[in-house]
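Report on the following structure.
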Amino acid sequence: MTQPTTMTFFERFETDILSGKKTITIRDASENNYVPGSIVTVSTLEGGREFCQLSIISVEPILFTALSDFHAEQENMTLAVLKAVIQDIYPGIEQLYVVSYKLVAKSAFDADAVPMT
């Protein structure tokens, strides 16, 4: 399997990612192959618009039932909302993966793009 170089998010998460309030994403097994230390280009799921680059910090397995307020805080939402969002996206899936990341650059396609340090 090749190393992913892209990642998509729902548009509603863009502001939280760019502000640094959202520092993880929780994915299923089909997206557990991100490589720590790699840089991925991020776009919106709905329109494919690129808006930043993220550096992958870690990929850790987690069970849905083990999600906590700590994970919710990293997602910038309450635990109840986090669990509802995950169930909406991945109904009935127990085995998930926490992908931790940090923002390294806003999109070069934005007129006000500013490299992050």
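The values are calculated or read from the model by the stated rules, or taken from the named source; none is laboratory data. Fair warning: this is a prediction, and the values are worked out from it, not measured in the lab. Note that we place each Cβ from the backbone using ideal geometry, even for glycine, and neighbour counts take in every protein chain shown.
I'm told I93 meets every condition in (1) assigned to a loop (DSSP other than H, G, I, E, B); (2) over 28 Å from T2 (Cα atoms); (3) not basic (K, R) except one. Can you identify the failing condition by its number?
Going through the list (1) assigned to a loop (DSSP other than H, G, I, E, B); (2) over 28 Å from T2 (Cα atoms); (3) not basic (K, R), I93 breaks only (2).
Quick one: count up the residues across region 35-69 that are closer than 16 Å to V104 by Cα and not acidic (D, E).
So the answer is 17.
Within region 45-70, restricting attention to residues that are touching a helix residue (DSSP H, G or I) at 6+ places or on another chain (Cβ under 8 Å) and of a type in the set (F, W, Y), which residue is surrounded by the fewest Cβ atoms within 10 Å (Cβ to Cβ)?
F64
Which condition from (1) in contact (Cβ under 8 Å) with a residue 12 or more places away in the chain; (2) over 13 Å from V99 (Cα atoms); (3) basic (K, R) is the one that K22 breaks?
Result: K22 passes all but (2).
Kindly check whether there is at least one residue in region 71-84 that is among the charged types (D, E, K, R), touching a Leu at 6+ places or on another chain (Cβ under 6 Å), touching a residue at least 24 places away in the same chain (Cβ under 8 Å) and buried (at least 17 other Cβ atoms within 10 Å of the Cβ).
For region 71-84, residues among the charged types (D, E, K, R), touching a Leu at 6+ places or on another chain (Cβ under 6 Å), touching a residue at least 24 places away in the same chain (Cβ under 8 Å) and buried (at least 17 other Cβ atoms within 10 Å of the Cβ): present.
Given the options E14, E31, E73, name the one that is within 14 Å of the chain's Cα centre (by Cα), among the charged types (D, E, K, R) and more than 15 Å from V99 (Cα to Cα).
Only one candidate qualifies: E14.
Here is a check on your reading of the model: is G48 out of contact with any Cys (no Cβ under 6 Å at 6 or more places or on another chain) and touching a residue at least 60 places away in the same chain (Cβ under 8 Å)?
Taking the combined requirement at face value, the residue does not satisfy it.
Residues checked against (1) modelled with pLDDT under 95; (2) under 18 Å from D28 (Cβ atoms); (3) not acidic (D, E):
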{"residue": "C52", "(1), (2), (3)": "no, no, yes"}
{"residue": "F70", "(1), (2), (3)": "no, no, yes"}
{"residue": "I93", "(1), (2), (3)": "no, yes, yes"}
{"residue": "S100", "(1), (2), (3)": "no, yes, yes"}
{"residue": "V104", "(1), (2), (3)": "yes, no, yes"}
{"residue": "F109", "(1), (2), (3)": "yes, no, yes"}
